[in-house]
Structure formats: structure tokens, C-alpha cells
1. Restricting to region 79-113, give me the number of residues that are over 16 Å from LEU24 (Cα atoms) and out of contact with any strand residue (DSSP E or B) (no Cβ under 8 Å at 6 or more places or on another chain).
2. Could you say which residue among THR120, THR105, THR54 is polar (S, T, N, Q) and within 15 Å of LYS23 (Cβ to Cβ)?
3. Being in contact with a strand residue (DSSP E or B) (Cβ under 8 Å, 6 or more places away or on another chain), of a type outside the set (A, V, I, L, M) and touching a residue at least 40 places away in the same chain (Cβ under 8 Å) is the filter here, so list the residues in region 114-129 that pass it.
4. Here are some residues: VAL60, VAL66, VAL115. Which one is touching a helix residue (DSSP H, G or I) at 6+ places or on another chain (Cβ under 8 Å) and closer than 22 Å to ARG19 by Cβ?
5. For GLN76, state whether it is surrounded by fewer than 16 Cβ atoms within 10 Å (Cβ to Cβ), touching a strand residue (DSSP E or B) at 6+ places or on another chain (Cβ under 7 Å) and either farther than 22 Å from GLN145 by Cβ or at pLDDT below 95 (or both).
6. Filter region 116-145 for residues that are in a loop (DSSP other than H, G, I, E, B) and either touching a Leu at 6+ places or on another chain (Cβ under 7 Å) or on the phi > 0 side of the Ramachandran plot (or both); which is surrounded by the most Cβ atoms within 10 Å (Cβ to Cβ)?
7. From the residues in region 80-97 that are out of contact with any helix residue (DSSP H, G or I) (no Cβ under 9 Å at 6 or more places or on another chain) and assigned to a strand (DSSP E or B), which one is surrounded by the most Cβ atoms within 10 Å (Cβ to Cβ)?
8. Considering only region 3-45, state which residues are over 23 Å from GLN67 (Cα atoms) and at pLDDT 50 or above.
Amino acid sequence: MISFNRIDVAVSEHMGAVRVPVKLTNAVDEDLISRGLLNPDRLRVYEIEALVDTGAVRTVVPMAIVQQLGLRIRAQQLAKYADGREEMVGITSPVIIEIMGRETTEAVLVTGDEVLIGQTVLETLDLLVDCKNQRLIPNPAHPDQPVFRI
């Protein structure tokens with residue numbers, strides 16, 4: 001089961017939503033282009049301002065964007081929301097997620113009406129949430145590129 005429970009944090013009146021420009025790319029399209037099996041002008045990409053949600057483990061994308069990217073729903077997974085509701089949600093074929101010039105590839109969950117960037121992407125891209133200034137920042141210990149923990 002995947003949980004959307006929020007992490008309990010003290011929230012001051014100065015904290016608010018953190019939004020960031022995100023580029024989503026169909027990873028299968030990109031692979032086919034690199035193999036010469038798909039014309040590069042057929043690459044499906046979607047750019048949007050997404051909400052960074054440190055309480056969400058995985059990244060969430062609405063069905064309308066999944067359809068525009070031509071992603072396949074590969075499986076269903078039980079998800080639990082912060083309010084306690086549980087629901088089966090789709091898990092897609094791979095998506096390339098690019099934020100601040102850093103990119104990672106992962107399957108995303110299909111639900112809701114806005115793109116939410118979860119913890120797995122933030123960890124992989126080595127980005128931190130600066131709540132006071134309502135922005136994402138590269139990890140100061142690794143400002144030039146993400147460093148993967150093994």
C-alpha cells in the first residue's frame with residue numbers, strides 16, 4: 001500500500017505551498033527515438049507548474065496529463081490519503097521528471113487534478129524544500145549535481 005499521509009511538521013504563517021516548473025516526458029518515446037524507431041518530433045512532453053508535497057511518497061499525475069503523454073497504466077495500487085480514504089490508483093509506464101535541470105525516471109500514480117511531486121523524486125534529485133522562501137533548492141552539500149545514496 002502506498003501512503004499519502006502528511007508528515008507532521010510545525011507550520012508557521014510564513015510557510016505556504018511550494019510550486020516548481022516540471023517537465024514530464026514519456027520515457028518510452030525517448031527510448032524509441034534513441035533507437036531510431038520513432039521520429040523525434042513525436043516525443044510527448046508536458047510542462048506544468050507542480051505542487052511539491054513532502055507528505056506524498058510518490059509523484060502523482062492526473063489522468064488528463066497521463067493521456068496527453070500517452071502513458072500506459074501498468075498496474076493498480078492501493079493508496080491511502082491523508083484524510084484516511086483508501087482507493088485503487090493506476091501506476092504508469094516510466095516518466096522522465098525534470099526539475100531545475102535535474103532529471104529522474106519513475107512510474108507515477110494516477111489520481112487527482114494536479115501534479116504533485118513526492119519524496120522519491122526530491123530524494124533522487126537531491127532537492128530540498130526551503131519552506132520559508134517557498135522554493136526548492138539543490139542540497140547545499142551537492143549544489144552542482146545530485147549525489148545518490150547507496
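1. Qualifying residue count, region 79-113: 4.
2. THR105
3. Those that are in contact with a strand residue (DSSP E or B) (Cβ under 8 Å, 6 or more places away or on another chain), of a type outside the set (A, V, I, L, M) and touching a residue at least 40 places away in the same chain (Cβ under 8 Å): GLU114, GLY118, THR120.
4. None of the others qualify; the one that does is VAL115.
5. On the way: surrounded by fewer than 16 Cβ atoms within 10 Å (Cβ to Cβ): yes; touching a strand residue (DSSP E or B) at 6+ places or on another chain (Cβ under 7 Å): yes; either farther than 22 Å from GLN145 by Cβ or at pLDDT below 95 (or both): yes.
Spelling it out, GLN76 is indeed surrounded by fewer than 16 Cβ atoms within 10 Å (Cβ to Cβ), touching a strand residue (DSSP E or B) at 6+ places or on another chain (Cβ under 7 Å) and either farther than 22 Å from GLN145 by Cβ or at pLDDT below 95 (or both).
6. So, considering only residues that are in a loop (DSSP other than H, G, I, E, B) and either touching a Leu at 6+ places or on another chain (Cβ under 7 Å) or on the phi > 0 side of the Ramachandran plot (or both), the one surrounded by the most Cβ atoms within 10 Å (Cβ to Cβ) is ASP126.
7. Among those that are out of contact with any helix residue (DSSP H, G or I) (no Cβ under 9 Å at 6 or more places or on another chain) and assigned to a strand (DSSP E or B), it is VAL89.
8. Passing the criteria: MET15, GLY16, ALA17, VAL18, ARG35, GLY36.
The values are calculated or read from the model by the stated rules, or taken from the named source; none is laboratory data. Since the structure is predicted, the reported quantities are computational estimates derived from the model, not experimental observations. Glycine gets a Cβ as well: all are built from the backbone with ideal geometry, and neighbour counts include every protein chain shown.
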